[in-house]
Structures are given as structure tokens and as C-alpha cells.
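Take a look at the structure set out below.
Where a number appears in this text, it was derived from the coordinates with a stated rule and is not lab data. Bear in mind the structure is a predicted one, so any value in this text is a computation, not a measurement. Please note: Cβ atoms are built from the backbone with ideal geometry, for glycine as well, and neighbour counts cover all protein chains shown.
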């Protein structure tokens, strides 16, 4: 249960099925991470989810080049490991390599 | 006469020229391959040059040697793809019309993307090993380096051969041990991801390697700049890592032809259907290998497995038939761990690397996700397979294009 919604997560707390994501879930994960969500946060989350749907592998730099936010701004919004934290809130997998 | 144009004569492009020439009649189809480079490098060999396991001359041959009869090789710089008018424009003004275009322009390092990378320390104490020149420069440096902090670093994903930086760290450990100077070298592995191993099974089975080899991991590091003067890399959160010798994998980017043609993503990769390999630019444009944005590893084995689907789909397209959604993201990679051993990993879009035997279930002789000498011999034998079979489009026995679950151990 996250944010009052039943969801499946992996050992590290990432949603295993993105279709279960709801904004309340994102809000609740953000609170756990010590982040109070604002419109700027949600703009980034929307962008990440759209990239995920298009199966584009994400990196901090790609987010920085997206026009949605620059890298410094990304760190300001999600200070502790921005891509990891924002991916968790967005209900998408963390960035991985092949092994 | 109808025409196929292939851009890039590296692993994927050369292989496709061979595949397509065998299957299309020379009376009906002209095939042209365009690449400004004269040399074909065996890129898996770059890893071995710094440690003098291979000599430079063992990994380079002429591009021309592998282009089959009946395919025109044009060695000029590509200016632009004019996809609206189905033609490729070269820098010398020459134009090539096509009915079908295959993009195989690969990926390359872009050190200019990181502030300070090409500063006063470049190729003095900052090196890459993803280029022929870079790997030779690093070999020369290692010959008389007296030790200190060796930082092996990944700028950002995606990169070509995502396991190569780890292999470099493992081989460095063995190299310095053999030189009896391991005690003088601290090996630090710096990655933008949350660990050296990011997949659950690999992490479970392989984490011991880092401890055994005394390699320190600095995770979640997104490089902001390199301070050449004080020899440190600095990330966006302000974290600093000191180095005496920095071996970095710079940002990887696709060809700037994509930028000039207005068809790439932020990193100049070509938007491509991950199952059919038809691009999202236009129906008559296909892409293969490192040039695409498909979520598979950027590796020669992936290009090889993609080749089968791409060949079929170019033929389907020509005949007005529906395309085959055949490519499953299959990759098969040896991972050198030093001291004559290696791992083997076999995976696809949905199946993470797991333990087991390969290619024959229960027999091997290769072992998945486990170190052994046979895997290392497989990696060494692969150079011959590459030059003699892979890029000339010959079938490699027992290794199907689609990943097989046979021999894989699941929980």
C-alpha cells in the first residue's frame, strides 16, 4: 500500500508495474524521500513517464538536455540522486546497465 | 535499377552489405555503402591494447577487404540525409538516391560534452579506451606509470559495450598484480548508476568480484566537470573524486549526420522500432547497431542478432509485405575478469542475465554469469569469428538470433 493504493514494488521500493501508478502514489513516495511536490516537480515526472512509455533510456544529462529542466535545477528539485529519486516517484524503473 | 544505400561500414553496415548482396539480384538492385574511414577496427580489442594483451596491428584491417563484390564502396564524408527526397548528400556535393536506406553509423565518444575533459590533462593523465588512438595512448602511459589512484569512470549511459569499464577495472587489477605493483595502485570505479551491478541476479552472483579485487565503488556520480589542475572529477551534487590517472568513458553519441539531418534524439540516436528495426523517420529507412535508440545494449553481438531481422524486413518491405517483429533485444557478451577468466552473459529486452550453461543446456561448455577459463577462451576466439564470420554475414552455429531460455537457471 502506497498513498492508500495497493501496488507491487520491488525490494528497493520501485513500482514493478507502471500501469498501477497514480498521482497519490507519487506524492506518498516523495514524502518518504523528504520531498514536497510542486508543479515543477510534476513537470519533470510527466517528462520521465513520457520517455518511459517511449522506451527511451534515461540519464541525468538527457533530462538536462530535454528543455524541461537543466541539470542544476533537477538536482535542486530532487537533491539525493535526482534520477533515482524521480524515477521512484514516477513509478518507473531505476536506470540500469546490462548486468 | 533500384537502390539500397547503407551508411557506415563498421560492424553492422559491413555485415548488412554482405547479407543483402547475397539475397538481392544484382540486375535489379544496386547496393552502395558509404563511410569516410579507410580502416575497420575490431572494437572489442580496444580493451586489451592498454594491457598489451593485443598489439594494435592485430585489431585493424582495411574496410575495403570486407565489402563484397557487387557493392559500391564510397569513401566520403556524409553531409546529410534528405529523407523527404530519398537521397543522401555527401560533403563533396555528390548525391545518392535510394529506395531503401540502412543507417549503421554507430556511436562514438564525445569528450567535448564534459567540461574540462579535453583540458591540459587529456591524454596525459585523462584517457579513454574507446578509440584506437586512446587505447594506444593509455598503453604507453601504463608502461611507466608508477601507481596512485586509478579512477575508472563512466560519464553517462547509454555507452557502447556497457560492461567494458568494469572489464577494464578487473584487467587493471590483474595487470598491476602481475607487475608486482598492485599495492601501489588504488582502483576506484565511479558510475552514474547506483552500483557496478544494477541487475538483481548479476549483483547477487558477482558482487564478490569487487571485494576480491579490492575495487572501491563510487555510485550515483553524475560528472559536472574535470578539474585538470587539481586532478579531480566533480559531480553536480558537489562530490569530488581525486585521481592520479583517470580512465573515463566519455558521453557516447550517435553520428552528427543525424543532427544535420534533423532526425536524431538528444544524443543523435535514430528513433527506431525495437522489434522491426524500421525507423520512425520514414518507412523506407531502417537502422541497425549502435546508431539506433532501441533499448538493447550497444554491442557487436546485438548488431549481429539484429542483422537477421533487418535482412528479412528489408526484403519484406521491398515486396510490400508486413514486417516481422523479430528482434527481441538479444545480447551475448563475454566479460573479462582477469587472470585468464571471463564471464558470459546472455539476455534480451525482458530477460535479465541469469546463471546457467551455454549454448548447450547442462553441458556448456560456456558458463553463464560465472567465471571460468572456457569463457575467456571464447572471448579470445571471438576475434577470429568476428573477422571471418560475423562481419561477412556468415551464420554462427548454435547461437540463434533470438535468445533461448534453454540452459538458463531461473528461481
Next item on the list: Whole Å is fine, so just give me how far the alpha carbon centre of region B:1-41 lies from that of region B:351-411.
Entry: 28
Next item on the list: Report relative contact order for chain B in percent, whole number only (criteria: Cα-Cα under 8 Å, sequence separation at least 6).
Entry: 16
Notebook entry, point to check: Mind checking which of B:209, B:344, B:390 has the largest fluctuation in a GNM of chain B, springs on alpha carbons under 10 Å?
Noted result: B:209
Notebook entry, point to check: Ranking B:183, B:304, B:19 by Cβ neighbours within 10 Å, fewest first, what do you get?
Noted result: B:183, B:19, B:304
Margin query: Place a point 7 Å from Cα of residue B:324 in the direction of its Cβ. Which residues in region B:23-57 have their backbone N less than 16 Å from it?
Written below: B:23-24
Notebook entry, point to check: Per the Kirkwood treatment, what hydrodynamic radius in Å, one decimal, follows for the protein assembly as shown from the mean inverse distance over all distinct Cα pairs?
Noted result: 23.9
Check: Spin-label point model (7 Å from Cα, Cβ direction): what's the residue B:53 to residue B:242 distance in nm?
Finding: 3.1
Margin query: Report the per residue volume, in Å³, of the convex hull enclosing the C-alpha atoms of region A:18-90.
Written below: 78
Next item on the list: May I ask you to sort B:15, B:380, B:405, B:258 by Cβ crowding, counting other Cβ atoms within 10 Å and putting the fewest first?
Entry: B:405, B:380, B:258, B:15
Next item on the list: Find how many whole Å separate the alpha carbon centroid of region B:258-285 from the alpha carbon centroid of region B:199-216.
Entry: 36
Item checked: Along each principal axis, Cα extent of region B:312-411, largest first, Å -> 52, 36, 20
Next item on the list: At 0.36 nm per residue, minus the direct Cα-Cα distance, what do residue B:374 and residue B:315 gain on full extension? Give it in nm, one decimal, please.
Entry: 17.4 nm
Notebook entry, point to check: In nanometres, what is the gap between the two model label sites at residue B:183 and residue B:214, each 7 Å from Cα along Cα-to-Cβ?
Noted result: 0.9
Note to self: Calculate the FRET efficiency for residue B:404 and residue B:229 from the Cβ-Cβ distance with a Förster distance of 56 Å, rounded to the nearest 0.05.
What the structure shows: 0.60
Next item on the list: Give me D for chain B in µm² s⁻¹, whole number, from Stokes-Einstein with Rh from the Kirkwood sum over alpha-carbon pairs, 10 °C and 1.306 mPa s.
Entry: 72
Checklist line | Angle in degrees between helix B:132-144 and the longest Cα principal axis of chain B, rounded to the nearest 10 | finding: 20
Next item on the list: Could you work out the Rg to Rh ratio of region B:208-319, with Rh taken as the Kirkwood radius (inverse of the mean 1/r over all Cα pairs)?
Entry: 1.14
Note to self: Let me check against my output: what whole-number percent is the relative contact order of region A:18-90, with C-alpha pairs under 8 Å and at least 6 apart?
What the structure shows: 40
Note to self: Multiplying the sequence separation of residue B:389 and residue B:146 by 0.36 nm and subtracting their Cα-Cα distance, what value in nm do you get?
What the structure shows: 83.4 nm
Check: In which sequence would B:339, B:40 go, from the one with the fewest C-beta neighbours within 10 Å to the one with the most?
Finding: B:339, B:40
